[in-house]
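Engineer: Structure below; questions to follow.
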Amino acid sequence: IPEDLFEEIVRLIGYDAIPSIVPRMAIRQPQRDPLAEALCAFRTRLVFEFSFRETQNYAFIRPQTIAACGFSLSDHIQLENPLSKERPYLCRSLIPNLLEGVEKNQQKEKRHAYFEIARVFLKEGAYAASPSDRSPSLPAQPTHLGLVYAHHAHQQLMPYLVTLVQTVCQQSGYPVTLEPTTERGWWQQSRAVTVMVGETCVGHVGMVASAACEHLGIPDPVVAAELDLSLLSTKPIHAQTYELPGAFPAVLRDATLLVDERVLYAQLFETLKSAHPLIVRVEPLALYRDASVGAGKKSISFHIAYRHAERTLTSDEVEGVHATVVATMKKKFNAVLR
């Protein structure tokens with residue numbers, strides 16, 4: 001080959017006769033990779049800000065777990081020669097394998113906060129979030145982010161993970177909204193929301209179905225979320241803006257609302273945030289279900305912070321605004337203040 005001939009010629013002439021020249025090359029700005037940036041942003045925030053642990057699972061899944069999580073075997077790719085006969089299918093969702101991780105560690109740990117970033121394997125025309133949102137240019141093996149969270153002493157699992165997903169997405173430059181979902185998946189019916197960027201569905205957050213927990217032997221409730229980062233990273237990033245802290249103190253009020261079970265937390269949260277210009281912060285406080293609140297009802301409590309940008313609010317002003325906010329919730333959701 002030519003390289004062998006060159007080597008022989010150089011050997012005869014002598015290597016010292018060849019001048020040493022530093023090679024010249026153009027320095028170009030590296031091409032931006034939105035997916036890689038999203039992976040780094042989500043991974044960093046989940047680990048350092050929310051103390052989640054990253055896991056790495058095999059891409060294979062058991063048929064029993066698929067059925068328990070509400071999926072159909074026909075939607076999964078079956079391997080002709082699997083490494084294990086117990087796991088002949090490729091996963092199209094990260095949640096089942098993450099739930100198995102909860103089951104394996106429940107005797108060792110009280111807090112289960114795990115996430116995984118990995119590819120899932122979809123059949124042609126299938127999509128885990130919403131088929132109508134999938135573009136032909138997107139890969140058949142998209143990169144997903146899966147999260148599971150369980151803590152026997154934490155009663156507000158769903159509000160916690162919803163707030164976490166919103167915060168991480170917002171800090172990463174992807175402002176998201178939450179909408180009720182009628183789709184079926186690994187979550188309990190009426191206990192899940194769709195994560196939207198504009199008009200595009202990029203994932204779901206919900207309470208894991210009791211059938212899946214029972215199948216895996218998990219006694220405590222588990223909440224989970226799954227986002228399609230391949231789809232999310234195609235959306236434009238919004239630059240973050242910062243505001244100076246308020247010069248005047250905020251006034252806190254609590255609101256405990258009795259609402260119908262079908263009313264979602266996300267609906268209440270979004271309505272409260274925009275109920276009045278003086279509201280600067282809304283925080284979930286407690287969720288309560290019991291026979292004393294009535295069948296088909298639930299009680300949800302919120303911290304609401306009011307602040308004026310130019311002066312300190314008086315108690316009478318706050319009480320008047322708070323009454324207006326409660327009236328808004330009553331009109332929209334038939335909520336009763338407890």
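Engineer: Report the relative contact order of region 147-273, percent, no decimals, based on alpha-carbon pairs under 8 angstrom and at least 6 residues apart.
Structural biologist: On the way: 156 pairs, mean separation 33.0, N = 127.
Once divided by the residue count of region 147-273, the mean separation gives 26 percent.
Engineer: Quote to one decimal, in nm, the extra length available between Glu310 and Gln29 on full extension: 0.36 nm per residue of separation minus the C-alpha distance between them. Could you put the intermediate results ahead of the total?
Structural biologist: Numbers: separation 281, 0.36 × 281 = 101.16 nm, distance 4.58 nm.
Residue separation times 0.36 nm, minus the Cα-Cα distance, leaves 96.6 nm.
Engineer: Next question, about the same structure. I'm spelling it out carefully: the read-out is semi-axes √(5λ) of the Cα gyration tensor in Å, the candidates are [x] 47, 30, 17; [y] 31, 30, 23; [z] 135, 25, 14, and one was derived from this structure. Which label?
Structural biologist: Step by step, semi-axes √(5λ) of the Cα gyration tensor in Å for this structure corresponds to label [x].
Engineer: In the chain, if the dipole is taken from +1 on Lys/Arg beta carbons and -1 on Asp/Glu beta carbons about the Cα centre, which of Leu264, Pro277, Ser299 is farthest to the positive end?
Structural biologist: Most positive-ward Cα: Ser299.
Engineer: Okay, moving on. Whenever you get a sec, compute what percent of the accessible area on the chain sits on carbon and sulfur atoms (1.4 Å probe).
Structural biologist: Carbon and sulfur: 54 percent of the exposed surface of the chain.
Engineer: Explain nothing, just the number: relative contact order of the chain, from Cα pairs under 8 Å at least 6 residues apart, as a whole percent.
Structural biologist: Relative contact order, the chain: 14 percent.
Engineer: Compute, for the chain, the length of the dipole vector about the Cα centre, with Cβ point charges of +1 (Lys, Arg) and -1 (Asp, Glu) only. Units Debye, rounded to 20. Before the final figure, lay out each step's value.
Structural biologist: Numbers: 34 positive and 36 negative charges, 196 e Å.
So the magnitude is around 940 debye.
Engineer: Local charge sum around Gly146 (other residues, Cβ-Cβ under 10 Å, Lys/Arg +1, Asp/Glu -1)?
Structural biologist: On the way: positive: none; negative: Glu116, Glu226.
Net charge in that neighbourhood comes out at -2.
Engineer: Please report how far the C-alpha centroid of region 283-304 lies from that of region 169-188, rounded to the nearest whole angstrom.
Structural biologist: Using only Cα atoms to place each centre, the spacing works out to 22 Å.
Engineer: Have a look at Leu73, Leu99, Leu227 and tell me which one the Gaussian network model of the chain (Cα, springs below 10 Å) gives the largest fluctuation.
Structural biologist: Checking each option, the largest mean-square fluctuation is seen for Leu73.
Engineer: If we sort 295-305, 197-207, 3-13 on the protection proxy, mean other Cβ atoms within 10 Å, highest first, what's the order? Show your work: numbers first, answer last.
Structural biologist: Details: 295-305: 16.6, 197-207: 20.6, 3-13: 9.1.
The densest-packed peptide leads the list: 197-207, 295-305, 3-13.
Engineer: Mind checking the per residue accessible area of the chain for me, 1.4 Å probe, whole number of Å²?
Structural biologist: Each residue of the chain exposes 57 Å² on average to a 1.4 Å probe.
Engineer: Sketch the reach of a paramagnetic label on Tyr288 as a point 7 Å from Cα along Cα-to-Cβ, and name the residues of region 144-164 whose backbone nitrogen lies under 20 Å away.
Structural biologist: 153-160
Engineer: Another question, if that's okay. Grab the other residues whose beta carbon is less than 9 angstrom from that of His303, score K and R as +1, D and E as -1, and report the net. Present the calculation step by step, with values, prior to reporting the outcome.
Structural biologist: Values: positive: Arg253, Arg281; negative: Asp254, Glu283.
Surrounding charge for His303 is 0.
Engineer: Now for a separate question. Could I have the simple spin-label model distance between Asn81 and Arg53, label points 7 Å from Cα toward Cβ, reported in nm to one decimal?
Structural biologist: My value for the distance between the label points is 3.5 nm.
Engineer: Still on this structure, please answer the following. Past 19 Å, Cα to Cα: identify those pairs from Lys273/Lys297; Lys123/Lys235; Lys235/Lys273; Lys273/Lys332; Lys273/Lys330; Lys110/Lys298, in the order given. Mind dumping the intermediate values first?
Structural biologist: Working: Lys273/Lys297 22 Å; Lys123/Lys235 24 Å; Lys235/Lys273 25 Å; Lys273/Lys332 14 Å; Lys273/Lys330 15 Å; Lys110/Lys298 27 Å.
Going by Cα-Cα distance, Lys273/Lys297; Lys123/Lys235; Lys235/Lys273; Lys110/Lys298 fall outside the 19 Å limit.
The values are calculated or read from the model by the stated rules, or taken from the named source; none is laboratory data. Please read all numbers here as calculations on a predicted model, not as lab measurements. Every residue, glycine among them, receives a Cβ derived from its backbone with ideal geometry; neighbour counts consider all protein chains shown. These accessible areas exclude ligands, DNA and RNA; they are computed on the full protein's heavy atoms, side chains included. Shrake-Rupley method; radii C 1.70, N 1.55, O 1.52, S 1.80 Å.
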